[in-house]
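One structure below.
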Amino acid sequence: MATRNGSAEWRGDLPNGDGDLTVGEGVFEGRYSAASRFEEGEGMNPEELIAAAHAACFAMALGNILATNGHTPDAVRARARVQLRNVDGAPTIARIDLEADADVPGLDEEAFQRHAQEAKEGCPVSRALASVPEIALNARLAV
């Protein structure tokens, strides 16, 4: 299996500092700060990267599970919202909401929900985030 990487540099203290992050070997680069992480300031933040990774992993896993079970999807669209909350005095990822909708010809709702739950539980990013107290899934089968 492959090893993936990312890097970051932080300059200064928390309230006034800022940093740069890189995904892979320059596939994506962005700036981040306390304002972009804990407020609504400009720039990236680690939680958005986690959300993107979780959505991508879930969509790929669900597509694979559907295809393996004879229902290759036309499309699987996924979104994740990562909620950072103050827990015991420390910023903590306390909840992730996964939303998905999929175009899957010939599949009934019950089977779709079963496969979506399997993807939520089994994708590598979900497994890495197992310590998050709540990961909710809202999956819709497009008609």
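With n ≥ 4 as the cut-off for DSSP H runs, can you work out [θ] at 222 nm for the chain, using -39500 (n - 2.57) per run divided by the number of residues, rounded to the nearest 500? One gets -10000 deg cm²/dmol as the mean residue ellipticity at 222 nm. Computed over neighbours whose Cβ is under 12 Å from that of A35, the net charge equals -2, Lys and Arg +1, Asp and Glu -1.
Here's the picture: charge each Lys and Arg Cβ at +1 and each Asp and Glu Cβ at -1 in the stretch 50-110, and of A100, A80, A59 the one pushed furthest to the positive end of that dipole is A80.
In what order, largest first, do E25, E110 sit by accessible area if the probe radius is 1.4 Å? Before the final figure, lay out each step's value.
Values: E25 160, E110 135 Å².
These residues rank, largest area first, as E25, E110.
Calculate how steeply helix 46-68 sits against the longest principal axis of the alpha-carbon atoms of the chain, using the helix alpha-carbon long axis, and give the answer as 0 to 90 degrees to the nearest 10. Rounded to the nearest ten degrees, it is 20. Remark: spin-label model distance A56-N16 equals 3.6 nm, labels positioned 7 Å along the Cα→Cβ axis. Centre-to-centre separation between the Cα atoms of the stretch 1-66 and those of the stretch 100-143: 23 Å.
The angle between the Cα long axis of helix 109-122 and the main principal axis of the chain comes to about 40°, on a 0 to 90 degree scale. Rolling a 1.4 Å probe over the protein chains gives M44 an accessible area of about 40 Å².
Using only the heavy atoms of the protein chains and a 1.4 Å probe, how would D103, D108, D74 rank by accessible area, largest first?
Values: D103 50, D108 90, D74 120 Å².
I get D74, D108, D103, largest accessible area first.
The values are calculated or read from the model by the stated rules, or taken from the named source; none is laboratory data. Keep in mind that this is a model prediction, so the values were computed, not measured. Glycine also receives a Cβ, built like all others from the backbone with ideal geometry; neighbour counts cover every protein chain displayed. Protein only, heavy atoms only, side chains kept; ligands, DNA and RNA dropped before computing areas. Shrake-Rupley method; radii C 1.70, N 1.55, O 1.52, S 1.80 Å.
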